[in-house]
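Participant: My questions all concern the structure below.
The values are calculated or read from the model by the stated rules, or taken from the named source; none is laboratory data. Everything numeric here is computed off the predicted structure, so don't read it as measured data. FYI the Cβ positions are ideal-geometry reconstructions off the backbone, even for glycines, and counts take in every protein chain you see. What goes into the accessible areas is simple: the full protein's heavy atoms, side chains included, and nothing from ligands, DNA or RNA. Shrake-Rupley method; radii C 1.70, N 1.55, O 1.52, S 1.80 Å.
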Amino acid sequence: MRTDGISKSFDPNEAEPRLYSEWMNKGYFGAKVNPDKKPFCVVMPPPNITGQLHMGHALDNTLQDILIRYKRMKGFEALWVPGTDHASIATEAKIVEKMREEGLTKEDLGREKFLERAWDWKKQYGGRIVEQLKKLGSSCDWSRERFTMDEGCSEAVKDVFIKYYDQGLIYRGERIINWCPHCLTSISNAEVDYEDQAGAFWHLRYPFEDGTGYVELATTRPETLLGDTAVAVNPKDERYKDIIGKNLILPLVGRKIPVVADNYVDIDFGTGVVKITPAHDPNDFEVGLRHNLEVINVMTDDAKITEDYPKYAGMDRFEARKAIVKDLEEGGYLIKVEPHNHNVGTCYRCGTTIEPRVSLQWFVKMEELAKPAIEAVKTGKTKFVPERFDKNYFNWMEDIRDWCISRQLWWGHQIPAFYCDDCGEIVVTKENSAVCPKCGKPMRQDPDTLDTWFSSALWPFSTLGWPKDTEELKYFYPTNTLVTGYDIITFWVSRMMVAGCAHMNQPPFDTVLIHGLVRDSQGRKMSKSLGNGIDPLEVIAESGADALRFALVTGNAPGNDQRFQQDKIDMGRNFSNKIWNAMKFVLMNCEDDLEFSKVDESKFTLEDKWILNKLNNLISEASSNIENYDYGVALSKIVDFIWECYCDWYIEIAKSRLFDKECPTRLEAQYLLNKVLGISMQMLHPFMPFVTEEVYRNLVIDDKSDSIMISDWPTVIDRYKFDDEEKMMSTLMDAIRSIRNIRSEMGVAPSRKAHIIVVTENDNIASMFVNGKAFLERLASVSGLDTQKDKSGIPATAVACVFAGGEVYIPLGDLIDIDKELERLAKEKENLQKEIDRVNGKLSNEAFVSKAPEKVINAEKEKQAKYLEMFKGVEDRIAMLKNEQ
RNA sequence: GGGUGGUUAGCUCAGCUGGUUAGAGUACUUGCUUGACAUGCAAGGGGUCGUUGGUUCGAGCCCAAUACUACCCACCA
């Protein structure tokens with residue numbers, strides 16, 4: 001028996017790891033430079049080494065795996081490059097946190113020892129997420145796995161830094177930057193999350209130096225008063241014309257500060273007077289530059305007031321706020337406090353309120369670099385899917401600021417800049433040490449590291465060997481599709497686009513496929529704090545990776561968020577089970593010595609031709625859906641085909657041929673059952689790789705590949721195009737559905753088989769019913785049938801159902817309840833009347849007939865004829881039954 | 001303040017360039033130990049497609065306005 005050794009149900013926990021390691025051992029995931037094939041390349045967004053696989057990763061990697069498996073089957077040399085990201089801030093924070101538990105600080109350990117710990121961490125946890133990705137079924141070329149801090153990537157980072165520096169695109173300067181007092185580092189604009197917070201507006205008075213009164217102003221951050229070095233008004237503001245240039249005495253501090261005029265001030269907002277704190281506000285910093293104001297930093301790294309203000313020294317900024325407000329009030333400087341909501345910048349890693357702060361940092365000049373990257377999208381060299389996300393991209397890129405790339409962290413790429421403490425000379429070099437070219441003394445390397453995204457920006461080419469001029473680079477670059485979430489466009493996509501254009505003269509990919517967020521069943525973001533996250537690994541353990549992938553892809557459209565529900569996992573698991581059972585049934589009915597070489601295609605029956613035509617349509621439609629990245633749509637079409645067409649109809653119909661060992665078309669049925677299921681498995685494989693492989697291997701298929709993974713993607717088979725047969729078959733199916741419907745409504749027990757009479761004037765239809773007798777018997781509990789051209793001799797108590805081209809009568813004898821049947825017929829008549837009225841209305845509309853395309857008019861006419869015929873049939877029936885009463 | 005998406009059955013979502021009686025899954029009701037599968041099979045009920053106008057022979061789809069909702073961007077002290 002072919003079913004020997006085949007388990008009762010598919011067990012993902014057993015099959016998935018076995019198949020995965022087999023695929024890996026056989027090298028199916030690998031890709032190499034191969035001039036005989038077209039390249040297709042995807043680089044994986046490298047997950048953080050600190051990370052654990054979450055639903056976002058699961059979705060992102062499932063989509064990539066679908067894409068890469070599809071392309072591989074389509075005959076491309078398909079490379080999926082995996083790797084991990086060092087994630088400087090996140091990783092360093094975790095290590096520092098762990099050290100804190102041991103009572104240690106970074107400084108206690110020193111840089112070298114700290115980095116040793118960090119590398120240990122990487123060794124311990126960096127592999128964890130990789131193993132988790134494998135559980136998903138990801139078919140990456142693991143032999144090419146990379147890490148953003150490995151030798152090659154580090155080389156690339158240095159090269160880029162030096163190149164930019166030499167071109168004047170990287171500079172070092174004192175600017176106001178976003179400082180995280182918790183992570184103790186600068187962060188870039190992109191790393192700041194703004195959130196609306198309830199705050200207050202403190203109205204203050206600053207007295208004039210000459211004792212002639214005071215100006216009134218309002219602030220949301222009274223503690224920054226300590227660093228005020230001016231007060232600004234708008235030069236056009238008539239109210240304050242006379243005070244420009246006068247001096248004020250800063251309350252609590254006693255510093256003399258000028259009133260300056262600057263267009264930045266909005267006349268209509270507040271009192272029209274703004275206190276200027278250049279060291280702690282980006283706008284004030286700009287004002288300060290224009291008016292040559294002193295920049296006074298009043299806070300330490302961890303946002304405490306400095307020793308310069310003894311009364312508040314050591315206080316946290318929010319503590320200091322309270323103290324200062326109290327002192328202002330006592331000093332009579334506080335006029336009033338009103339509630340006020342405002343946008344507060346927070347650190348995207350730790351959520352701490354950002355402190356804008358003047359500091360010496362490294363920057364990349366972005367404006368020029370952004371231009372070719374913008375151009376690449378404008379000209380369509382790179383396109384976003386869905387298209388609307390290019391607006392998002394342009395929005396960011398066209399208004400881009402210089403990128404602060406230095407971080408006061410140890411874990412990362414140390415900036416390759418060296419300083420001479422003697423003469424102040426700066427050297428930027430790849431060497432590990434430098435000697436001052438001016439005074440010959442050893443130089444000190446900048447202690448800071450680079451923003452993580454600086455190295456990830458190079459990912460599409462650093463992973464292919466750059467800066468070396470490798471064969472891989474020539475063959476696989478530019479890569480093809482980048483798959484990532486919309487939340488990562490500014491962080492990563494934009495920077496890769498910039499880097500690719502700058503260093504490779506080509507944007508790094510032709511398509512950016514954007515997906516949305518995976519939310520919980522109530523539509524909320526999955527987050528640790530809410531505790532509403534679903535662990536993909538638990539889902540895999542319970543229901544298998546195929547079920548998880550099914551759940552993630554079902555109903556997923558590019559760029560859209562989706563809800564994740566247990567239902568979908570169950571559907572996936574049920575579907576696997578359905579496939580498995582279909583396979584078992586097929587094999588159960590295939591002898592060991594089948595000779596498919598003896599199959600005679602001229603013996604294909606109506607249902608054979610129907611399923612083949614359906615299959616052809618599926619191949620062409622699903623393929624084009626996949627090409628368009630509509631994976632959700634493609635999957636549902638494939639599922640519908642397998643479940644409805646193949647299982648619910650074709651298998652059921654085929655049963656009579658299989659069970660009758662003498663049936664002349666039995667071999668053809670066996671052949672097609674295997675073939676059609678096999679092709680369906682191939683199309684389903686990118687979505688559900690494991691169960692499809694297992695089923696494919698068990699089926700009886702000629703010229704079968706060793707693995708479904710490396711089989712050829714199915715194409716439309718021209719000799720199996722049977723549109724007419726498909727139409728005929730649907731007529732039969734309609735009739736079957738009608739019979740079932742009536743039996744169910746009349747409450748006829750399934751065990752009670754009925755002899756039916758088909759009335760039709762059309763000989764083709766009549767013979768179709770006769771030929772389909774066997775499956776009418778099976779599918780509609782029919783015990784036999786007659787055909788005739790008119791209604792003569794049909795007992796009045798027969799129940800009729802009408803279909804296009806005729807009627808089917810089911811004589812049910814005394815089982816029939818005439819009143820009930822009349823009621824049913826009346827309802828049907830009413831429905832038909834409505835439709836006829838609608839169609840008549842359309843066709844009698846002059847405008848419609850003269851303007852609508854002929855095709856549409858003809859369709860309406862056909863409908864009209866059909867409905868009229870059916871209507872007449874129903875009327876006759878009613879008359880007959882009434883007669884009987 | 002600017003921008004983007006969503007609003008279709010109780011729930012989750014499809015609906016391609018406007019053209020059958022607006023679909024699916026789930027939930028619900030009913031009937032089935034039908035020789036693969038109860039993780040299943042069959043039948044059924046359920047929607048004025050957010051609102052209001054407009055274009056058109058014809059609008060869930062296109063246009064305008066509006067409401068609600070989610071998100072992104074922005075220096076208003």
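Participant: Which trypsin sites (Lys or Arg not before Pro) from the range A:1-76 combine a DSSP loop assignment with at most 11 other Cβ atoms within 10 Å? Write down the numbers at each step before the final one.
Facilitator: Details: sites: A:2, A:8, A:18, A:26, A:32, A:37, A:69, A:71, A:72, A:74; in loops: A:2, A:8, A:26, A:32, A:37, A:74.
Within the range A:1-76, the qualifying trypsin sites (Lys or Arg not before Pro) (loop, at most 11 other Cβ atoms within 10 Å) are A:8.
Participant: Take the alpha-carbon positions of the range A:552-696, form their convex hull, and give its projected area averaged over all directions (one quarter of the hull surface) in nm².
Facilitator: 9.1 nm²
Participant: Counting Lys and Arg as +1 and Asp and Glu as -1, what is the net charge of the other residues whose Cβ lies under 10 Å from the Cβ of residue A:430?
Facilitator: Net local charge, residue A:430 excluded: -2.
Participant: With all protein chains present, how much of the accessible area of the range A:173-259 (probe radius 1.4 Å) comes from carbon and sulfur, to the nearest whole percent?
Facilitator: The nonpolar share, carbon plus sulfur, comes to 47 percent.
Participant: Kirkwood hydrodynamic radius, computed over distinct alpha-carbon pairs, for the range A:628-761: how many Å, to one decimal? Before the final figure, lay out the partial values.
Facilitator: Numbers: mean 1/r = 0.0566 Å⁻¹.
Hydrodynamic radius (Kirkwood, Cα pairs) of the range A:628-761 is 17.7 Å.
Participant: Show me, bin by bin at 10 Å from 0, the whole-percent P(r) of the range A:277-384 based on Cα pairs.
Facilitator: 11, 26, 33, 15, 9, 5, 1
Participant: Nearest 10 degrees, 0 to 90: what angle lies between the long axis of helix A:818-844 and the longest principal axis of chain A (Cα atoms)?
Facilitator: With rounding to tens, the tilt is 60 degrees.
Participant: Right, next: For chain A, place one equal point scatterer on every Cα, skip the solvent, and apply the Debye formula. What is log10 of I(q)/I(0) at q = 0.07 Å⁻¹?
Facilitator: -0.76
Participant: Given a 1.4 Å probe and heavy atoms of the protein chains only, how would you sort A:494, A:636, largest accessible area at the top?
Facilitator: Highest to lowest solvent-accessible surface, that is A:636, A:494.
Participant: Right, something else. Project the alpha carbons of the range A:740-813 onto their principal axes and report the range along each, largest first, in whole Å.
Facilitator: Taking the Cα atoms of the range A:740-813, the three principal extents are 32, 26, 19 Å.
Participant: Quick check: Cα centre of the range A:706-753 to Cα centre of the range A:581-617, how many Å?
Facilitator: Between the Cα centres of the range A:706-753 and the range A:581-617 lies a distance of 14 Å.
Participant: Let me ask something additional. When the helices in chain A are scored as -39500 (n - 2.57) per DSSP H run of 4 or longer and the sum is shared across all residues, what 222 nm value do you end up with, to the nearest 500 deg cm²/dmol?
Facilitator: Only helices count here, giving -13500 deg cm²/dmol.
Participant: Here are some pairs, A:134/A:378; A:578/A:829; A:655/A:727; A:609/A:661; which of them have Cα atoms lying more than 29 Å apart in this structure?
Facilitator: A:134/A:378; A:578/A:829
Participant: Going highest first, how would you order A:429-436, A:472-479 by mean Cβ packing within 10 Å?
Facilitator: Descending packing order for the listed peptides: A:472-479, A:429-436.
Participant: Excluding residues fewer than 8 places away in the same chain, name every one of the lysines whose C-alpha is closer than 19 Å to that of residue A:525.
Facilitator: In chain and number order, the partners are A:568.
Participant: To the nearest 0.05, how large is the calculated FRET efficiency for residue A:131 and residue A:371 if R₀ is 45 Å and r is the Cβ-Cβ distance?
Facilitator: 0.60
Participant: Give me the Debye-computed log₁₀ of I(q)/I(0) at q = 0.10, 0.12, 0.15, 0.18 Å⁻¹ for the range A:711-855, equal point scatterers on Cα only, no solvent, two decimals.
Facilitator: Listed by q, the Debye log ratios stand at -0.48, -0.65, -0.87, -1.07.
Participant: Going Cα to Cα from residue A:789, which lysines come in below 20 Å? Please leave out same-chain ones fewer than 8 positions away.
Facilitator: A:773, A:866, A:872
Participant: While we're here: Which lysines, if any, have their Cα less than 16 Å from the Cα of residue A:430, not counting same-chain residues under 8 positions apart?
Facilitator: Correct list for residue A:430: A:158, A:163, A:468.
Participant: Treat the range A:659-731 as a sphere of radius equal to its Kirkwood radius over Cα pairs and apply Stokes-Einstein at 20 °C in a medium of 1.002 mPa s; give the translational diffusion coefficient in µm²/s, rounded to a whole number. It would help to have the intermediate numbers written out before the result.
Facilitator: Working: Rh = 14.0 Å.
Translational D for this selection: 153 µm²/s.
Participant: Using only the Cα atoms of the range A:574-613, what do you get for the radius of gyration and for Dmax, in Å?
Facilitator: 13.3, 36
Participant: Same structure, new question: Would you calculate the volume per residue, in Å³, of the smallest convex hull containing every Cα atom of the range A:72-167?
Facilitator: Values: hull volume 14.1 nm³, N = 96.
With only Cα atoms used, the range A:72-167 gives 147 Å³ per residue.
Participant: Given the pairs A:275/A:311; A:275/A:322; A:791/A:834; A:304/A:528; A:26/A:474, which span a C-alpha to C-alpha distance of over 23 angstrom in this model?
Facilitator: The answer is A:791/A:834; A:304/A:528; A:26/A:474.
Participant: Hey, another quick one. Quick one: work out the % antiparallel among DSSP beta bridges in the range A:208-346, nearest 5. Walk me through the numbers on the way to the answer.
Facilitator: Numbers: 10 of 13 bridges.
That works out to approximately 75 percent antiparallel.
Participant: Okay, moving on. Expressed as a whole percent, how much of the Cα-Cα distance distribution for the range A:252-334 exceeds 22 Å?
Facilitator: Taking all Cα-Cα pairs of the range A:252-334, the fraction more than 22 Å apart is 36 percent.
Participant: Calculate, for chain A, the solvent-accessible area per residue in square angstrom, rolling a 1.4 angstrom probe over the heavy atoms of the protein chains.
Facilitator: Accessible area per residue: 44 Å².
Participant: Sticking with this one: In degrees, nearest 10, range 0 to 90: what is the angle between the Cα axis of helix A:88-101 and the longest Cα principal axis of chain A?
Facilitator: 70 degrees
Participant: Just for chain A, what percent of DSSP beta bridges are antiparallel, to the closest 5?
Facilitator: 70 percent
Participant: Considering only C-alpha atoms, what is the centroid distance from the range A:669-700 to the range A:419-483, in Å?
Facilitator: Distance between centres, Cα-based: 50 Å.
Participant: Efficiency by 1/(1 + (r/R0)^6): what FRET value for residue A:762 and residue A:3, r their Cβ-Cβ distance, R0 = 45 Å, to the nearest 0.05?
Facilitator: Numbers: r = 43 Å, r/R0 = 0.96.
Between residue A:762 and residue A:3 the formula returns 0.55.
Participant: Could you give the C-alpha radius of gyration of the range A:1-93 expressed as a fraction of 2.2 N^0.38 Å, taking N as the number of residues it contains?
Facilitator: On the way: Rg = 17.5 Å, N = 93, 2.2 N^0.38 = 12.3 Å.
Compared with the compact-globule rule of thumb, the range A:1-93 sits at 1.42.
Participant: Compute the angle between helix A:12-25 and the longest alpha-carbon principal axis of chain A, please, reported from 0 to 90 degrees and rounded to the nearest 10.
Facilitator: 70 degrees
Participant: Residue separation times 0.36 nm, minus the C-alpha to C-alpha distance between residue A:566 and residue A:330: what's the value?
Facilitator: Details: separation 236, 0.36 × 236 = 84.96 nm, distance 6.06 nm.
Length gained between residue A:566 and residue A:330: 78.9 nm.
Participant: What percent does the relative contact order of chain A come to when contacts are Cα pairs within less than 8 Å and at least six residues apart?
Facilitator: 12 percent
Participant: Report the local net charge at residue A:721: Lys and Arg +1, Asp and Glu -1, summed over other residues whose C-beta lies under 15 Å from its C-beta.
Facilitator: Residues near residue A:721 contribute -4 overall.
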